[in-house]
Amino acid sequence: GGGGGGGGGGRYNSESSTTRTRKTRQRSRKRSNGQYESSSDKTIVDESNGRSFRRGSNYVSDDMLSSILDDDDDVNDDLSSILSPDMDFFNDNNDNDNNGRNPLLSPQKYQTYLESGLLTTVDQITTLANKIHKFNTENPEIAFANPTILQYLCGVGSHHAGMLPAHKAFVETMYKSNLLKIVFATETLAAGINMPARTTVLCSMARRSGEAMALLPTSNLLQMAGRAGRRGMDTDGTCVICHTPFEGPEEAREILIDEIAEIKSQFRPSYALAVNLILRGRGRLNVARKLVSKSFIMWEQQQQQQQQSQKTTRMSGDDSDNSDDDEQRSMHQQVLEAMPPLLQTMQHLKPSMLETMLLPYESIKILKKTSKNYTGMSQSLLSEQSTLAYLQQEYDMLSSIATEQEEQSNNNNEEDDDLLGDLFSEDKLELQSQINAQKARVVNAEFVLSKHAFVIASRAVNSLIAEEVDSTELQLFRSKLKGARAMDRRKSSSSSGIHTVEEDGLLTPEELSKFAKSMVVQTRKNRKLQTAKDNNNNNNNN
């Protein structure tokens, strides 16, 4: 477990200095009998202990909710029964039994812990009780209080900055030993200590930062989520991110797709550090040198040196390939330069469509933006299509299970099977609704992509090729396109041994996007070369 806190502040302050309006809690007004009445839902269930709860749920019926609230709390009765009549539950210094053992640690009560708690064997409870007794015996001044002991024996612990270091170390050790099943903790536990779990639950996606609330950094959330899944014990792990009145799916998506901030060492040598290192090594400098060499900043420097060495090696080996890359980019550029004259011959098209096709070639900046837009739209379409395929697969699987269940129900004629069949029908209807909505999103993404300049231009050029229009502009364009494809074919063959580019064929929007990226790279390179040449000339003149 783990997660950030809540409350306070009217806005989120993200690290990118953007502000986000925060949702406010909905107030309730007090009724004459002391109960609170919600302004949006006045249907309240009162249980036998006097607590009030709002009725209605998407998953639990009203009758089921009432039966749960009004049912006797057997677990609390069982746990209360283990306390002596004269025992003060909240007193840290209760009298021990004749053996000097806390009554809560009595073996006669292990069965109650087994039935009411999360531990699964008596051996686990025995081992945990012995460790608690040993800790309290050896550390009477910081012995665990009775409420804490009872929590531990039920398999539940807590971990936060307000605890004593010895208590935190005890929780960490018991959790690693699988003697505590659940730990409620702050993000420090997940981010700084190696305590993997099967499931991680993040109760909030925000934490207090100064005087306001801020969303969790991506690195922190991934670090906490990464605790789910124990090496050598689990094949996978589960992370549950809770929806709160202040954070929902949009905030979760923002955190998960945001860039991870680079980790930088905060190690700063000082005179005091040097003296302490020499003192620890008893005057031997090799000990201090060895300790410093294990620091994160030294690892960073080693990585930088290795990257620089690899870059130098790669540059020396790539000199022979630079000429081929320049030639390839030059041929891509020639294809794009031949596009505007060819498009201008299509006077039969609508002026607005012709203007859309010619716009990307007005400047390198617009061409770059158009290429990026096409890439984004294509990825968005693929994402929507993959989501639709997943929903369809889930629907087919549920239909298969429902069919098998229906066959069994016909054979058994049991009411429980009919109820299960109704649940399957409701799930299928819900999935079908999601599939229909997803199909609409796919159609919308396809429509948006079909209006892109590269898609319209490739469709128009292919129509001229299919009609075998006899024009100088078309012949020049086809010649440039064939040369660029031949170059791409040669490059792909030399690098992977696979021929991926066909010299003859229809023009695709993906090709235009690739040619645009290549032209942007070549333009940037030419600009840098010209700048370096101008600087060199200025230095020679001076």
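The values are calculated or read from the model by the stated rules, or taken from the named source; none is laboratory data. Not measured: the values here are computed from a predicted model. When we count neighbours, we look across all protein chains shown, and the Cβ atoms used for this are built from the backbone with ideal geometry, even at glycine. All accessible areas refer to the heavy atoms of the entire protein, side chains included, with ligands and DNA or RNA removed. Shrake-Rupley method; radii C 1.70, N 1.55, O 1.52, S 1.80 Å.
Data table
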| item | result |
| --- | --- |
| Given (1) closer than 26 Å to Glu300 by Cα; (2) surrounded by fewer than 16 Cβ atoms within 10 Å (Cβ to Cβ), index of the condition Thr218 fails | (2) |
| Pairs with Cβ under 8 Å, 6+ apart, first in the range 288-311 and closer than 15 Å to Phe267 by Cα and in contact (Cβ under 8 Å) with a residue 12 or more places away in the chain, second open to solvent by less than 90 Å² (accessible area, probe 1.4 Å) and of a type in the set (Phe, Trp, Tyr) | Ser295/Phe267; Phe296/Phe267; Ile297/Phe267 |
| Restricting the range 255-314 to residues that are among the acidic types (Asp, Glu) and surrounded by 12 or more Cβ atoms within 10 Å (Cβ to Cβ), the residue that is nearest to His243 (Cα to Cα) | Asp258 |
| Residue that is modelled with the lowest pLDDT [pool: residues in the range 340-368 that are within 24 Å of Phe447 (Cβ to Cβ) and open to solvent by less than 50 Å² (accessible area, probe 1.4 Å)] | Leu349 |
| Boolean, Arg490 is at pLDDT below 90 and not in a loop (DSSP other than H, G, I, E, B) | yes |
| Qualifying residue in the range 369-385 (condition: within 25 Å of Ala445 (Cα to Cα), basic (Lys, Arg) and at pLDDT below 90) | no |
| Hey, Ser66 among the polar types (S, T, N, Q), modelled with pLDDT of 55 or more and touching a strand residue (DSSP E or B) at 6+ places or on another chain (Cβ under 8 Å) or not | yes |
